[in-house]
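Peer 1: I'd like to ask you about the structure that follows.
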Amino acid sequence: MKRVRAVPMAITFGAVVMGAALLWAAPPPGKGPAGGGPGMRHGPGMAANDDDKRTPVPLLPMMANHQKANMRDHLAAIQEILTGLSAHDLAAVEKASARLGTTEEMTRMCNHMGAGAPGFTDVALNFHHTADGIGEAARAKDEAAVLKAVNATLSTCVSCHATYKQQVVDRDTWEKLTKMKAPGPPR
């Protein structure tokens, strides 16, 4: 088994990325404690809401909440992967990585969520395909490869969050933008 000395640094990096991703799913500035307010800092690439030029992903309110819940679970899985890696527990890494990997259900969900935003589905599916490498490396008992796969996966997160933002829309708008029937009971 290849051991990695940089695991504490990876855990710190993972925690920073998790915090940044949670900010993406937070309410707008002034609309809640996680959304900032007076004194909120904006780093490179973190534009204020008015100037946010990212591509909107139109979602119904329940879809937006579902997507945020999935992303929070993705972050929890990354945390569990890094915890397992720091303990050299590759079985735990493999188990946690399964929540990030490609499945038929996740593929359907990505297609559905990205229906109104050109390119989003491809980026979302790339995340899951990239995350498959974490489990593959864990099964191979290669900690260095796990760390590289985690880095590649987190890079897809950073890129997606820099490119796309949620746009909560009503049923009529979603159907117009996606050319699909909205999920749930008809009005």
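Peer 1: Give the calculated FRET efficiency between residue 76 and residue 181 to the nearest 0.05, with a Förster radius of 30 Å applied to their Cβ-Cβ distance.
Peer 2: 0.40
Peer 1: Return the long-range amide H neighbours of residue 168 (sequence gap of 5 or more, or a different chain), with a cut-off of under 5 Å between placed amide H atoms.
Peer 2: For residue 168, the qualifying residues are 59.
Peer 1: Quick one: 3J(HN,Hα) in Hz for the stretch 90-104, Karplus 6.51/-1.76/1.60 with θ = phi - 60°, rounded, Gly and Pro as x.
Peer 2: 6, 5, 5, 4, 4, 4, 5, 5, 4, 6, 9, x, 7, 9, 4
Peer 1: Can you pick out the pairs among 95/165; 95/181; 68/141; 68/179 whose Cα atoms lie more than 26 Å from each other?
Peer 2: 95/165; 95/181; 68/141
Throughout, read-outs are computed from the coordinates displayed, never taken from laboratory work. Every value quoted in this text rests on a predicted model; they were computed, and no experiment measured them. Cβ: placed from backbone, ideal geometry, glycine included. Neighbour counts: every protein chain shown.
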